[in-house]
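Q: Pasting a structure here, questions to come.
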Amino acid sequence: MNTKEKILRQIEIKQSSTGKELSELLGISRQAVNKHLKELIQNRRVFKVGTTKGAVYRPATAKSEVEPARRFTKTYLLAGLEEDVVFQELATLLNLKSQLGKISWDTAYYAFTEILNNAIEHSESKECSVSLSVDPYRFNFVIRDFGIGIFYSVFSKFSLPSENAAIGELIKGKTTTMKERHAGEGVFFTSKAADTVFFRSHRINLIFDNLRRDIFVEERRFMKGTQVDFGISRHSKRGLDKLFEEFAPEEFEYRFEKTRVQVKLFKEACISRSEAKRLLTGLDKFGEITLDFKGVKSIGQGFADEVFRVFKNAHPEIAIKSENLIPSLEPIINHVVDNKIF
């Protein structure tokens with residue numbers, strides 16, 4: 001029996017338990033207990049009564065005992081649609097402002113309006129469906145259009161080799177198919193603001209898990225258009241101000257000049273100069289680049305030379321930083337530069 005089942009069994013036996021009681025009984029931290037309780041509540045197996053330290057947990061033995069998720073879904077024609085008006089309409093129906101802390105409200109408003117605006121201006125779809133929901137822990141919205149598809153749009157605009165190659169361009173930031181009207185920041189900052197957010201289109205599902213500071217790509221059944229599924233804690237402590245401070249800091253006069261790139265989304269084995277050039281495309285727009293090598297098992301000398309010597313010599317004003325390098329990769333990079341960059 002795993003820990004989650006032990007917690008559930010204890011609640012069923014006692015019919016009412018506190019987080020402290022469960023922690024002491026099982027010999028695990030309150031943080032660990034809360035993690036399992038959150039899943040049990042979201043799966044409608046446990047019912048929470050009260051808030052904060054005074055909360056007790058009861059078995060969800062009857063449907064009436066389970067606090068349901070509040071949800072509203074509507075389909076909109078995109079022509080002439082105003083994204084802020086839609087958000088305010090749905091937020092009012094769900095009484096959302098009283099359900100969310102200020103940080104979560106501000107983040108939800110920002111992310112929703114950015115994503116719906118993308119659907120309005122980029123999707124080439126006539127309509128989209130919009131869904132907002134709130135459960136005891138989490139706020140979620142889903143926006144689905146039936147247009148060209150986010151990855152296909154970038155793939156075709158920039159003549160990339162495949163839709164998968166568009167993933168790398170999107171995660172850099174400043175990638176837009178309408179330079180005259182957009183700075184290409186919306187998807188980037190929305191992807192960082194969520195606890196989790198999924199960008200699904202055609203056969204690609206791009207997953208940003210900011211709780212684990214990681215990005216994943218799945219191959220899924222073909223789906224027309226684009227669906228964005230955004231989730232955040234109802235009482236998030238990670239505000240937009242901290243996000244903008246990280247990527248648009250005072251040192252760059254509050255401009256979006258810093259970016260972080262997950263190298264593994266280009267290739268887990270980065271060998272050639274051509275692979276390095278694809279990674280570096282568009283990064284000359286930034287003042288500071290952090291290359292995250294998490295999950296990268298090997299790199300070639302040609303790749304390292306192109307990134308850390310050739311590109312650096314061509315753009316001495318740009319700072320290049322590396323993170324999560326496994327020890328065996330450091331000598332390869334150090335070999336192509338005069339001084340260590342770590």
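The values are calculated or read from the model by the stated rules, or taken from the named source; none is laboratory data. Being a predicted model, the structure only gives us computed values, none of them experimental. When we count neighbours, we look across all protein chains shown, and the Cβ atoms used for this are built from the backbone with ideal geometry, even at glycine.
Q: I need the full set of residues from region 199-226 which are surrounded by fewer than 16 Cβ atoms within 10 Å (Cβ to Cβ) and under 28 Å from S125 (Cβ atoms), in order please. I'd like the intermediate steps shown before the answer.
A: As a first pass, look at region 199-226 and keep what is surrounded by fewer than 16 Cβ atoms within 10 Å (Cβ to Cβ): 203, 209, 211-214, 216-222, 224.
Matches in region 199-226: R203, D209, F216, V217, E218, E219, R220, R221, F222, K224.
Q: Name the one entry in V337, V261 that is buried (at least 17 other Cβ atoms within 10 Å of the Cβ) and touching a helix residue (DSSP H, G or I) at 6+ places or on another chain (Cβ under 8 Å). I'd like the intermediate steps shown before the answer.
A: Details: V337 fails: buried (at least 17 other Cβ atoms within 10 Å of the Cβ).
Result of the check over V337, V261: V261.
Q: Shifting gears a bit: Of the conditions (1) more than 30 Å from K38 (Cβ to Cβ); (2) polar (S, T, N, Q); (3) not assigned by TED's automatic domain parsing to the domain that holds S328, S236 clears all except one; give me its number.
A: (1)
Q: Yes or no: L291 at pLDDT 90 or above and either hydrophobic (A, V, I, L, M, F, W, C) or assigned to a strand (DSSP E or B) (or both)?
A: yes
Q: Still on this structure: Assuming G101 fulfils every condition listed in (1) of a type outside the set (D, E, K, R); (2) in contact with a His (Cβ under 6 Å, 6 or more places away or on another chain); (3) free of Cβ contacts under 8 Å to residues at least 40 places away in the same chain apart from one, which condition is it?
A: (3)
Q: Something else: Given D292, D305, D229, which one is within 30 Å of E124 (Cβ to Cβ) and among the charged types (D, E, K, R)?
A: Testing whether each residue is within 30 Å of E124 (Cβ to Cβ) and among the charged types (D, E, K, R) leaves just D229.
Q: Taking S125 as meeting all but one of (1) outside any loop (DSSP other than H, G, I, E, B); (2) surrounded by 19 or more Cβ atoms within 10 Å (Cβ to Cβ); (3) modelled with pLDDT of 95 or more; (4) in contact with a Leu (Cβ under 9 Å, 6 or more places away or on another chain), write down the number of the exception.
A: Looking at each condition in turn, S125 falls short on (1).
Q: If you go through region 302-335 one residue at a time, how many are assigned to a helix (DSSP H, G or I) and of a type in the set (D, E)?
A: The number of residues fulfilling the criteria is 3.
Q: Which residue is nearest to C128 (Cα to Cα), if the candidates are limited to region 73-99 and must be among the hydroxyl-bearing types (S, T, Y) and out of contact with any strand residue (DSSP E or B) (no Cβ under 8 Å at 6 or more places or on another chain)?
A: So, considering only residues that are among the hydroxyl-bearing types (S, T, Y) and out of contact with any strand residue (DSSP E or B) (no Cβ under 8 Å at 6 or more places or on another chain), the one nearest to C128 (Cα to Cα) is T92.
Q: Looking at region 129-163, which of its residues are small (G, A, S), more than 19 Å from E219 (Cα to Cα) and not in a loop (DSSP other than H, G, I, E, B)?
A: S129, S131, S133, S156
Q: Only one of (1) within 23 Å of R255 (Cα to Cα); (2) surrounded by 15 or more Cβ atoms within 10 Å (Cβ to Cβ); (3) over 31 Å from the mean Cα position of the chain (by Cα) is not met by L291, so which one is it?
A: Here L291 clears every test but (3).
Q: Then there is this: What's the number of the only condition in (1) more than 16 Å from the chain's Cα centre (by Cα); (2) of a type outside the set (D, E); (3) assigned by TED's automatic domain parsing to the domain that holds G186 that K277 fails to meet?
A: Against the list (1) more than 16 Å from the chain's Cα centre (by Cα); (2) of a type outside the set (D, E); (3) assigned by TED's automatic domain parsing to the domain that holds G186, K277 comes up short only on (3).
Q: Further question: What's the number of the condition E250 fails, among (1) assigned by TED's automatic domain parsing to the domain that holds I207; (2) among the charged types (D, E, K, R); (3) without any contact (Cβ under 8 Å) to a residue 40 or more places away in the chain?
A: (1)
Q: Still on this structure, please answer the following. Which is in contact (Cβ under 8 Å) with a residue 40 or more places away in the chain and within 20 Å of A165 (Cβ to Cβ), of L240, L280, L265?
A: That would be L265, the only listed residue that is in contact (Cβ under 8 Å) with a residue 40 or more places away in the chain and within 20 Å of A165 (Cβ to Cβ).
Q: Considering region 244-294 alone, what residues qualify as being under 18 Å from E317 (Cβ atoms) and touching a Gly at 6+ places or on another chain (Cβ under 6 Å)?
A: F252, E257, T259, listed by residue number.
Q: Can you list residue pairs whose Cβ atoms sit under 6 Å apart, with the first residue in region 298-326 being of a type in the set (S, T, Y) and the second being not in a helix (DSSP H, G or I)? Count only pairs 6 or more apart in sequence or on different chains.
A: S298/A269; S322/L291
Q: Here is a follow-up. Name the residue that is surrounded by the fewest Cβ atoms within 10 Å (Cβ to Cβ), counting only residues in region 5-28 that are under 16 Å from A55 (Cα atoms) and among the basic types (K, R).
A: My answer is K20.
Q: Something else: Given region 1-119, what strands (runs of 3 or more DSSP E) lie entirely inside it while holding 3 or more residues that are over 29 Å from R200 (Cα atoms), outside the structural domain of I150 (by TED's automatic domain parsing) and modelled with pLDDT under 90?
A: Answer list for region 1-119: 46-49, 56-59.
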